[in-house]
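Everything below concerns the one structure shown next.
The values are calculated or read from the model by the stated rules, or taken from the named source; none is laboratory data. From a predicted model like this one, the values you see are computed outputs, not experimental measurements. Virtual Cβ from ideal backbone geometry, glycine too; neighbours counted across all protein chains shown. The accessibility values were calculated without ligands, DNA or RNA, using every heavy atom of the protein model including side chains. Shrake-Rupley method; radii C 1.70, N 1.55, O 1.52, S 1.80 Å.
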Protein chains: 2
Amino acid sequence: MAHRVSIIGLGLLGGSLGMALRKAGCEVTGWDRDPQTLALARERGAIDHAAPSIDAAASAADFAVVVATPVLAMRSVFEAIAPHVLPGTVVTDLGSTKRQVTAWAKELLSPETPFVGGHPMAGLEVAGIAHARADLFEGAAFCITGEPEAPAWARERVRTLAIRAGARTLGISPEHHDHLVAAISHLPLLASAALVRVTTDEEHWEAMADLAASGYRDTTRVASGDPLMHRDICATNADQIRPLLLGMAEALREVAGLLDDPAAMSAWLTQAKSARDAWVESSRRNSQLGTP
Amino acid sequence: MAHRVSIIGLGLLGGSLGMALRKAGCEVTGWDRDPQTLALARERGAIDHAAPSIDAAASAADFAVVVATPVLAMRSVFEAIAPHVLPGTVVTDLGSTKRQVTAWAKELLSPETPFVGGHPMAGLEVAGIAHARADLFEGAAFCITGEPEAPAWARERVRTLAIRAGARTLGISPEHHDHLVAAISHLPLLASAALVRVTTDEEHWEAMADLAASGYRDTTRVASGDPLMHRDICATNADQIRPLLLGMAEALREVAGLLDDPAAMSAWLTQAKSARDAWVESSRRNSQLGTP
């Protein structure tokens, strides 16, 4: 029999996971607080069934309930679903930070309901069910933050979902997760947004806009992401993000003092290029290897 | 009869321009200080003729000599070619900054040789003739910085080259050019490199590297560009770049103080998203319009 999975919150991530899991043979029930989103998710094949209520979505799953709302909304989702999750069903999520969500799950879900956090390292600068795609998680790293508290069978369930979605899984604690993603996801996001704000504030921005090309486009891409999702990330990971922002501010002040010194600039730029090229090479190897 | 154009420096930009101009019916002579690059340029169809010397390249052109070396190398190129450029031939360049190059041209070229600076707003994070492609300038903005000093016929020649390469041209002074590109090209470049340096310096970078995904890849892409080209940009545009670096450092410090405040973060992020989305929309319109 097909695994029955419910997805609460049918944006880009929830919708894409639904599409991928349906392709992999799961039976997917969905719910979203926005009726139009729910209808579109059904229309686009992201879910088999549109639940009439969040309670009904929670009780329709025998395998896992996936909470795919923005992080700050998860507290009230956990409160709402807690009495309705079937015994033996795991609750997981797709949020970008993991400490706060894990604490809420512990506080609000029934002690019989295991919670195992999940975070697929995939996204687009566009949001919403209209952009959902079955291959969004293909080859992506998928963090699973259940250990050491969640039982092994519960962690295995979330691993199964991730693998069915085409991702490669990585077990990690909520604390370590939040530390790592602050650097490789949250800092780039805020740096990108700061770059947009500084440049578009310039007096001659209109003339600048006409010249900005692919370098500007790529460097600022993530600034076009969902502000509410990003606001929630900042609110739940501020202590990890803050020192990185200050460190990058310091690095910019430092390089401002080197501009006139070609030898120093050459060394500074070459080190950045080498480090970035090495990362590109290693991530190429990782995505070729897939899940071990 | 075909316009005879010489290109000195056959990297990504020089090689791509050669390919595009040959397609458009020009007869292209090339020279590069590296014999292997010169041979590969010939092999890849970027040039019709490989000049035996820089002098011979300079005197082979009746239409224009295009200097496509890194900016700091242009001084000695101008010195070398000055006695050999034919009367009635224009000298132009493809450098990323324009004030210094224009000053060197004025100082070093013969008073009979008009100089009209050029800067195609196109590039890739890879360098070298191996990556050259005839369509690199297709739809790109191409700054032409000859006015007001260069004669109209000389500016028109460089405009002809740009249009034959598929670009849309934009007349602008060297000073205004350098001010504009500091914000939309040089600041993104240094912000991207600073982001790489800060993140790869982290103690847990190895674990972070494994999680970094498309957001990190795009935000840091330009840091993989040619360090020598970028060093030269910094050396010749430091006064314009410095205040932008300090402004962005200030913006990062400012946002570090807002992280815990969801309402303030939401406003800050939404403004960045709106500004970036508006730019994407306007640049889409521009590239559809092409050269007016």
For region B:64-116, fraction of C-alpha pairs farther apart than 14 Å, in %
41 percent
A student asked for the Cα radius of gyration and Dmax of the protein assembly as shown in angstrom ought to give 27.2, 89
Among DSSP beta bridges whose residues both lie in chain A, state the antiparallel percentage, nearest 5.
10 percent
Ratio for region A:152-257, C-alpha Rg to 2.2 N^0.38 Å, reads 1.39
Round to the nearest 10 and report in Å² the accessible area of A:Ser283, as given by a 1.4 Å probe over the protein chains' heavy atoms.
30 Å²
From the residues B:Met74, B:Trp153, B:Ala165, which one has its Cα farthest along the dipole of the protein assembly as shown in the positive direction, the dipole being from +1 and -1 charges on Cβ of Lys/Arg and Asp/Glu about the Cα centre?
B:Ala165
Note on region B:54-152: contact order normalised by length, alpha-carbon pairs under 8 Å, 6 or more apart, percent, works out to 25 percent
Provide the FRET efficiency to the nearest 0.05 for the B:His204-A:Gln36 pair, computing r from the beta carbons and using R0 = 51 Å.
0.75
Check: the protein assembly as shown dipole with +1 on Lys, Arg Cβ and -1 on Asp, Glu Cβ, in debye
1280 debye
Suppose the Debye formula is applied to equal point scatterers at every Cα of region B:1-148; what is log10 I(q)/I(0) at q = 0.12 Å⁻¹?
-0.41
In whole Å, largest first, what are the principal axis extents of the Cα atoms in region B:72-187?
35, 30, 26
Work out the mean other chain Cβ neighbour count within 10 Å for the residues of A:13-25 and drop it here as an integer.
0
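Sorted by accessible area with a 1.4 angstrom probe, largest first, how do A:Lys98, A:Lys23 fall?
So, going from the largest accessible area down, we get A:Lys23, A:Lys98.
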Give the Cα extents of region B:207-292 along the principal axes, in whole Å, largest first.
42, 35, 34
Could you give the size of the charge dipole of region A:25-147 about its Cα centre, using +1 on the Cβ of each K and R and -1 on the Cβ of each D and E, expressed in debye and rounded to the nearest 20?
280 debye
Going from the alpha-carbon gyration tensor of region A:37-92, what semi-axes, largest first and in whole Å, does one get by taking the root of 5 times each eigenvalue?
19, 14, 10
Whichever lysines have a C-alpha closer than 27 Å to that of A:Lys106, once near sequence neighbours (fewer than 8 apart) are set aside:
A:Lys98
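Taking the alpha carbon gyration tensor of region B:1-88, what are the square roots of 5 times its eigenvalues, largest first, to the nearest whole Å?
Details: eigenvalues 61, 49, 23 Å².
The equivalent ellipsoid of region B:1-88 has semi-axes of 17, 16, 11 Å.
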Quick one: in chain B, what % of C-alpha pairs are over 31 Å apart?
33 percent
